[in-house]
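These notes concern the structure reproduced below.
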Amino acid sequence: MNTTFANDITKIRIITALASLFLSLIAVYFDDLINADGILYINTAKAFLTGGLEETSKLYNWPFYSIILAYLHKITTMSLETNAYFLNGLLFILLNDTLIRISNKILPNKKQLLIAALFIICFQPINEYRDFIIRDVGYWAFISLSLYYFMLYLETPTIKIATIWQLVAIIAFLFRIEGILLLGLPLFLISLQKPAAGIKRILLLNYLFLACLPLFVLIALNSFSSNLAFKKINIALSLYTSTENFLTQLNDNTSIIKTQILNKYSEKYASLLLISGLIAMLFFKLLKALNLGYIILYLISSRHQKPTNTNQIRNLLYYFVSLNLLVLIVFVLHRYFLSTRYTVMTVICILLLTLPMLCNYLESAWTTKNRFILFLSGIILFYNLADSIIQSNSKHYIKNTAIWAAENLPKGSKILTDETTIQYYAKDHNKSTDISVDNLKKYRRYDYTIVIKKKKNTENDISSDDKLTRVYSEKNKRGDDASIYRYKPKNSKEE
């Protein structure tokens, strides 16, 4: 590789890393509350610090991310929450840097790589999770890195690259069990050459996995029980390999559609309606995650350019998208729901596939000084970046109410809330606070109840009970509020 060009790539990587770090710092600085999953991971890390894997198994069944947080806490002595944001900031840098390195494999020059860096750093599906404490970013970073090293292996099938690929794949798997899809990646090698040569390269790529095959066989045969802290392996195996469980659930839900939605003339299509509806939901989530602005820009560029020629790397990306889609389809057909967060890795792969056409078109627009396209692109990129980083409504009122309760309510008071966030901040501020998370309808069993009520939502409104007295309340500009009610029954025997 030309030395000047290599230096240019290094500069782009450094600038992208600094931009990623800056965006993470902004997102965390303006973040009001810790997310619910983050509370779980931090509590799991606390459990690991106090009682090891035995204690973590009582809270969560895949604690790798929390274990890293626990060891970082020991090394740095900073709070678990601070270490979580620090770790995720580094993982976002690794993710963005890896995507730049992959883009360098599919783009022809420095200008297009710079444009790609802008698309990557402004990509909303990634940025909107910068203020979250989640293990997913570790999964996205290392599974992307495994894809990059697989590309290197396609070019130079050495034992060094094979070793790195396997180690990176294991780390991706430890962050999320969905990393198991990487076992399907080596099959792509068979499509490139004769079966015998392809199998030989697959064996080299997986030599560490093959060496551990007896251990995997023992797990599959249940010859020994895995630690309860990682029991998600057993759950996943039973969930995704049990045809009987899948068919039973499908029949139960089909029966509901037959009896409660369809009439007798169309009830035979109940299964088709259920499955097609779930698949449609999946693709709607993917389109929503991709973002309308990026889609519009891609459609405009595709009208003015010929389709990008397919090559080995593009075929690999298509195959990788297919593997991710397969995982999503299996998940949605078993669980009957899908969070947008689960689609991020798939839309990242789709973004990589669209970059050659997008970057080539924008490079041409820059050369020909097409101000309209450049202005439109700038607006789309800025909007995506701002929309994912800037928060429109403050949630400080929730944290402030929890802290007020911990500081001011009488010692020994029994407090009820239905929000884990309230419990987290109250206990974090005062460990002796007796606060439980449960259904608010049970407020008669407690001395105080903390209620979060969104504007135009009366679901949590218990204030009509004349035995409840509001003792504290705080709201944001939109009108959402958090209130603390004291329960004082007229009859002390009343529950």
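Computed quantities for the displayed model
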{"quantity": "Residues satisfying the stated conditions in region 409-435, i.e. over 23 Å from D466 (Cα atoms) and polar (S, T, N, Q)", "calculated": "T420, T421, Q423, N430, S432, T433"}
{"quantity": "Flag if T340 is modelled with pLDDT of 90 or more, under 30 Å from D252 (Cβ atoms) and surrounded by 14 or more Cβ atoms within 10 Å (Cβ to Cβ)", "calculated": "no"}
{"quantity": "Evaluation of I462 against (1) outside any loop (DSSP other than H, G, I, E, B); (2) surrounded by 15 or more Cβ atoms within 10 Å (Cβ to Cβ); (3) at pLDDT below 90; (4) of a type outside the set (S, T, N, Q) (one fails), failing number", "calculated": "(1)"}
{"quantity": "Residue list for region 396-422, restricted to those being touching a residue at least 40 places away in the same chain (Cβ under 8 Å), within 22 Å of K488 (Cα to Cα) and open to solvent by 50 Å² or more (accessible area, probe 1.4 Å)", "calculated": "W404, N408, D418"}
{"quantity": "Condition check for S492: more than 18 Å from N35 (Cα to Cα), open to solvent by 70 Å² or more (accessible area, probe 1.4 Å), modelled with pLDDT of 85 or more and more than 27 Å from the chain's Cα centre (by Cα)", "calculated": "no"}
{"quantity": "From S191, S144, residue being of a type in the set (S, T, N, Q), under 30 Å from G293 (Cα atoms) and in contact (Cβ under 8 Å) with a residue 12 or more places away in the chain", "calculated": "S144"}
{"quantity": "Candidates L215, L273, filtered to the one that is modelled with pLDDT of 85 or more and out of contact with any His (no Cβ under 8 Å at 6 or more places or on another chain)", "calculated": "L273"}
{"quantity": "Members of region 326-337 that are touching a residue at least 24 places away in the same chain (Cβ under 8 Å) and open to solvent by 40 Å² or more (accessible area, probe 1.4 Å)", "calculated": "L326, V327, I329, V330, Y336"}
{"quantity": "Exclusive hit being surrounded by 12 or more Cβ atoms within 10 Å (Cβ to Cβ), out of contact with any helix residue (DSSP H, G or I) (no Cβ under 7 Å at 6 or more places or on another chain), among the aliphatic types (A, V, I, L, M) and at pLDDT 85 or above, set I235, I296", "calculated": "I296"}
{"quantity": "In region 4-46, the residues that are free of Cβ contacts under 8 Å to residues at least 24 places away in the same chain and either of a type in the set (S, T, Y) or on the phi > 0 side of the Ramachandran plot (or both)", "calculated": "T4, T10, Y29, T44"}
{"quantity": "Candidates V437, V451, V471 - the one that is β-branched (V, I, T), under 32 Å from the mean Cα position of the chain (by Cα) and open to solvent by 50 Å² or more (accessible area, probe 1.4 Å)", "calculated": "V437"}
{"quantity": "Candidate set from region 69-85 (those that are touching a residue at least 40 places away in the same chain (Cβ under 8 Å) and not small (G, A, S)); member that is farthest from A27 (Cα to Cα)", "calculated": "E81"}
{"quantity": "Where a residue in region 444-466 is over 14 Å from E419 (Cα atoms) and its partner, wherever it lies, is open to solvent by 100 Å² or more (accessible area, probe 1.4 Å) and at pLDDT below 75, with Cβ under 7 Å and at least six apart", "calculated": "R444/E495; R445/E495"}
{"quantity": "Restricting region 153-176 to residues that are of a type in the set (A, V, I, L, M, F, W, C) and open to solvent by 30 Å² or more (accessible area, probe 1.4 Å), the residue that is farthest from Y342 (Cα to Cα)", "calculated": "I159"}
{"quantity": "Those residues of region 38-78 which are part of a loop (DSSP other than H, G, I, E, B) and open to solvent by less than 60 Å² (accessible area, probe 1.4 Å), in sequence order", "calculated": "S57, Y60, N61, W62, P63"}
{"quantity": "All positions within region 107-147 that are open to solvent by less than 10 Å² (accessible area, probe 1.4 Å) and acidic (D, E)", "calculated": "D136"}
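This table checks each residue for (1) of a type outside the set (A, V, I, L, M, F, W, C); (2) surrounded by fewer than 19 Cβ atoms within 10 Å (Cβ to Cβ); (3) more than 30 Å from A36 (Cβ to Cβ).
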{"site": "L358", "(1), (2), (3)": "no, no, yes"}
{"site": "W366", "(1), (2), (3)": "no, yes, yes"}
{"site": "N370", "(1), (2), (3)": "yes, yes, yes"}
{"site": "S388", "(1), (2), (3)": "yes, no, no"}
{"site": "S394", "(1), (2), (3)": "yes, yes, no"}
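The values are calculated or read from the model by the stated rules, or taken from the named source; none is laboratory data. In this text, all values refer to a predicted model and were calculated from it rather than measured experimentally. Backbone-built Cβ (ideal geometry, glycine too); neighbour counts: all protein chains shown. Just so you know, the surface numbers come from the protein's heavy atoms only, side chains and all, with ligands and any DNA or RNA stripped out. Shrake-Rupley method; radii C 1.70, N 1.55, O 1.52, S 1.80 Å.
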